[in-house]
Amino acid sequence: MEVVSPHDIPVTFEDIGGLDDIIEELRESIIYPLTMPHLYASHSSLLTAPSGVLLYGPPGCGKTMLAKALARESGACFINLHISTLTEKWYGDSNKLVAAVFSLARKLQPSIVFIDEIDAVLGQRRSGEHEASGMVKAEFMTHWDGLASSTASGGSQRICILGATNRIQDIDEAILRRMPKKFPISLPNAGQRRQIFKLTLRDTKLDRSKLHDGSSAFSLDTLVRLSAGMSGSDIKEACRDAAMVPVREHIKAAKASGQSMRGIRSEDVRGLQTDDFFGRKQLRKIEPEDDEPRTPESGKTEEVEEFEDADGEVAAQA
């Protein structure tokens with residue numbers, strides 16, 4: 001378990017591209033009620049921060065970055081809860097650790113308890129499950145939304161459980177009930193990919209010159225079109241590989257001319273071009289081949305859409 005100060009988190013909402021609508025909803029429904037409860041409570045007792053928020057979607061789409069930015073922007077104490085924190089070999093010790101987590105969160109409130117891959121900790125309860133695992137889940141739900149979920153003064157605790165997963169169908173129904181705010185983070189569309197490229201390459205030297213055919217050496221439109229189906233993490237890694245190409249070329253040219261490595265200047269490295277993205281790894285739509293087996297553990301967008309079809313109120317709740 002890590003207790004992180006908001007000022008130590010380097011990620012803000014400005015560092016996240018393509019999720020403006022979700023960011024605005026997070027501000028209105030979580031940050032403001034959590035940090036300014038008097039403003040909302042004076043208007044209606046219903047306007048309180050939700051007890052739980054779930055971010056779900058395919059891997060690499062910015063769920064963890066949203067959690068970091070949410071902690072930074074809210075100014076609340078951020079508790080990063082690891083799975084290993086709740087695991088003990090002695091019978092009953094895991095329950096005590098869960099109680100200790102909530103006790104600490106109450107003393108530091110307003111606080112956000114973040115659980116990454118929450119499906120691994122609070123998955124569905126099954127008949128063949130180990131007794132100790134079921135007791136941990138029951139203890140967690142009791143402190144989360146039970147008799148102990150109010151302060152001594154009678155007010156509601158300002159603790160928000162923030163979870164992230166790409167397998168929402170594996171989370172226990174009682175846990176989902178305690179997370180009224182659910183935000184689907186799907187693969188970025190063309191407009192969102194454009195914002196991600198701009199944010200990722202904002203500090204990168206770009207080649208603005210014209211080629212012999214009159215086209216630009218760097219074309220953002222081409223990259224946006226060819227990156228369809230890629231997640232934000234995929235785009236970032238593609239930009240990282242492409243940014244290395246001009247540096248690699250300059251180093252090879254310097255070695256070939258007998259120039260000392262210490263004499264290489266960063267100003268002499270050319271800017272990034274569109275062709276650099278096709279050096280080692282081409283931008284392509286990432287889809288499995290027809291002859292490859294499709295596994296149910298992938299957590300792809302199709303599974304998210306199936307969940308939304310089964311629970312039509314998810315979008316409305318978000």
(request) Please work out if Arg262 is out of contact with any Leu (no Cβ under 7 Å at 6 or more places or on another chain), of a type outside the set (A, V, I, L, M, F, W, C) and modelled with pLDDT of 90 or more. (result) no
(request) Please report, ordered by residue number, the helices (runs of 4 or more DSSP H) entirely within the stretch 1-79 with at least 3 residues that are surrounded by fewer than 22 Cβ atoms within 10 Å (Cβ to Cβ) and at pLDDT below 85. (result) 32-35, 37-41
(message) Here is a check on your reading of the model: is Glu139 modelled with pLDDT under 80, acidic (Asp, Glu) and farther than 24 Å from Cys61 by Cα?
(response) no
(message) Quick check on my filter: what residues within the stretch 230-251 are among the acidic types (Asp, Glu) and surrounded by fewer than 17 Cβ atoms within 10 Å (Cβ to Cβ)?
(response) Glu237, Asp241, Glu249
(request) Go through the stretch 153-252 and tell me which helices (runs of 4 or more DSSP H), entirely inside it, have 2 or more residues that are outside the structural domain of Glu28 (by TED's automatic domain parsing) and among the hydrophobic types (A, V, I, L, M, F, W, C). (result) 190-200, 220-226
(request) Please determine, by comparing only the residues of the stretch 185-196 that are surrounded by fewer than 20 Cβ atoms within 10 Å (Cβ to Cβ) and not polar (S, T, N, Q), which one is nearest to Val269 (Cα to Cα). (result) Arg194
(request) State all residues of the stretch 206-247 that are more than 31 Å from the chain's Cα centre (by Cα) and aliphatic (A, V, I, L, M); if no residue qualifies, say none. (result) Leu211, Ala217
(request) Of the conditions (1) of a type in the set (S, T, N, Q); (2) surrounded by 16 or more Cβ atoms within 10 Å (Cβ to Cβ); (3) modelled with pLDDT under 80, Thr151 clears all except one; give me its number. (result) (2)
(request) State whether the residues of the stretch 80-88 include one that is farther than 21 Å from Ala164 by Cα and either outside any strand (DSSP E or B) or modelled with pLDDT of 85 or more (or both). (result) yes
(request) Consider only pairs whose beta carbons are under 7 Å apart and that are at least six residues apart or on different chains; among these, list those whose first residue lies in the stretch 56-76 and is basic (Lys, Arg) and whose second residue is at pLDDT below 85. (result) Lys68/Ile9; Arg72/Pro6; Arg72/Ile9
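Per-residue answers, yes or no, for (1) of a type outside the set (A, V, I, L, M); (2) touching a residue at least 12 places away in the same chain (Cβ under 8 Å):
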| position | (1), (2) |
| --- | --- |
| Asp203 | yes, no |
| Asp213 | yes, no |
| Gly229 | yes, yes |
| Ile235 | no, yes |
| Asp241 | yes, yes |
| Val247 | no, yes |
(message) I'd like to know if the stretch 138-148 contains one or more residues that are in contact with a Phe, Trp or Tyr (Cβ under 8 Å, 6 or more places away or on another chain) and surrounded by fewer than 17 Cβ atoms within 10 Å (Cβ to Cβ).
(response) yes
(request) Look through Lys210, Lys182 and report the one residue that is charged (D, E, K, R) and surrounded by 14 or more Cβ atoms within 10 Å (Cβ to Cβ). (result) Lys182
(message) Restricting to the stretch 253-270, name every residue that is small (Gly, Ala, Ser) and either in a helix (DSSP H, G or I) or surrounded by 13 or more Cβ atoms within 10 Å (Cβ to Cβ) (or both).
(response) Ala253, Ala254, Ala256, Gly263, Ser266
(message) Considering only the stretch 97-113, I want to know if a residue exists there that is assigned by TED's automatic domain parsing to the domain that holds Tyr32, within 14 Å of the chain's Cα centre (by Cα), among the β-branched types (Val, Ile, Thr) and assigned to a helix (DSSP H, G or I).
(response) no
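The values are calculated or read from the model by the stated rules, or taken from the named source; none is laboratory data. Being a predicted model, the structure only gives us computed values, none of them experimental. Because the Cβ atoms are built from the backbone with ideal geometry, glycine has one as well, and the counts that use them run over all protein chains shown.
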